[in-house]
1. Taking 10 Å² as the minimum loss, tell me which residues in the stretch B:69-115 lose that much accessible area going from the chain by itself to the full protein complex (1.4 Å probe).
2. With a probe of 1.4 Å, find how much accessible area the protein assembly as shown has per residue, and write the answer as a whole number in Å².
3. Which value results when the Cα radius of gyration for chain B is divided by 2.2 N^0.38 Å?
4. Among the residues of the stretch B:32-59, which ones have their accessible area go down by 20 Å² or more when all the protein chains sit together, as opposed to their chain alone (1.4 Å probe)?
5. What number do you get for the protein assembly as shown when its Cα radius of gyration is normalised by 2.2 N^0.38 Å, N = residues?
6. How charged is the neighbourhood of A:Arg22? Take every other residue with its Cβ under 13 Å from the Cβ of A:Arg22, and add Lys/Arg as +1 and Asp/Glu as -1.
7. Give me Rg/Rg_expected for the stretch A:51-113, where Rg uses Cα atoms only and Rg_expected = 2.2 N^0.38 Å with N residues.
8. Please build a GNM for chain A, connecting alpha carbons under 10 Å apart, and tell me which residue among A:Ser62, A:Ser38, A:Ser27 fluctuates the most.
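The values are calculated or read from the model by the stated rules, or taken from the named source; none is laboratory data. For clarity, every value in this text was computed on a predicted model and none was experimentally measured. Here the Cβ positions follow ideal geometry from the backbone for every residue, glycine too, while neighbour counts run over all protein chains shown. Calculation scope for accessible area: heavy atoms of the full protein, side chains included, ligands and nucleic acids excluded. Shrake-Rupley method; radii C 1.70, N 1.55, O 1.52, S 1.80 Å.
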Amino acid sequence: GAGVSQSPSNKVTEKGKDVELRCDPISGHTALYWYRQSLGQGLEFLIYFQGNSAPDKSGLPSDRFSAERTGGSVSTLTIQRTQQEDSAVYLCASSLDREDTQYFGPGTRLTVL
Amino acid sequence: AQSVTQPDIHITVSEGASLELRCNYSYGATPYLFWYVQSPGQGLQLLLKYFSGDTLVQGIKGFEAEFKRSQSSFNLRKPSVHWSDAAEYFCAVVSNSNSGYALNFGKGTSLLVTP
């Protein structure tokens with residue numbers, strides 16, 4: 001079956017611009033996670049959605065980052081006023097329920113010039 | 001917060017040789033531990049996980065890991081490495097129960113396999 005998909009695969013933007021990254025989780029998966037992978041910081045948790053509950057935003061690095069999940073399915077991560085330190089690969093993962101295996105998407109590589 | 005440490009940044013092994021990648025965790029109670037692999041240009045793939053029970057865990061692609069509470073370790077092993085095993089390997093632990101099962105990853109170990 002289809003895995004987790006993310007779009008775009010690559011995004012180049014200028015400093016100060018806003019970007020939106022999309023994640024399509026595996027159908028039926030109630031839990032969705034966003035992570036960031038960068039050379040300096042490694043893999044970091046950003047935000048967690050469980051069904052229609054309020055998300056856990058404890059990993060978001062600043063208030064420029066936000067995310068939403070519509071209808072308990074597709075999620076969008078938005079970065080406002082991008083900075084060069086936001087350059088990273090943004091990974092999305094979903095799991096059937098909170099304690100199940102997380103399946104990762106291929107990621108979106110964000111480059112901020 | 002719960003964390004893991006991977007002491008080895010790079011490991012080089014010959015094809016056919018055995019492999020052990022180290023992972024140490026920092027957590028009071030029994031942690032939920034994972035090993036993921038990331039091949040070039042590929043997403044993260046789960047190799048195996050440990051929640052409780054038998055401390056020797058079998059995973060995919062011939063990998064296994066052993067949970068040792070006395071050493072706070074969860075090392076990954078494979079008896080005979082194949083060239084296709086060259087990749088980045090990440091140990092991870094569930095960071096805290098308030099974030100679902102959000103994972104706290106180690107810095108990773110890059111595996112190079114020589115002919």
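1. Buried on complex formation: B:Phe90, B:Ser97, B:Asn98, B:Ser99, B:Gly100, B:Tyr101, B:Ala102, B:Leu103, B:Phe105, B:Lys107.
2. Accessible area per residue, the protein assembly as shown: 48 Å².
3. 1.02
4. B:Tyr36, B:Gln38, B:Gly43, B:Leu44, B:Leu46, B:Lys49
5. 1.02
6. Net charge around A:Arg22: -1.
7. 1.22
8. Answer for the Gaussian network model of chain A: A:Ser62.
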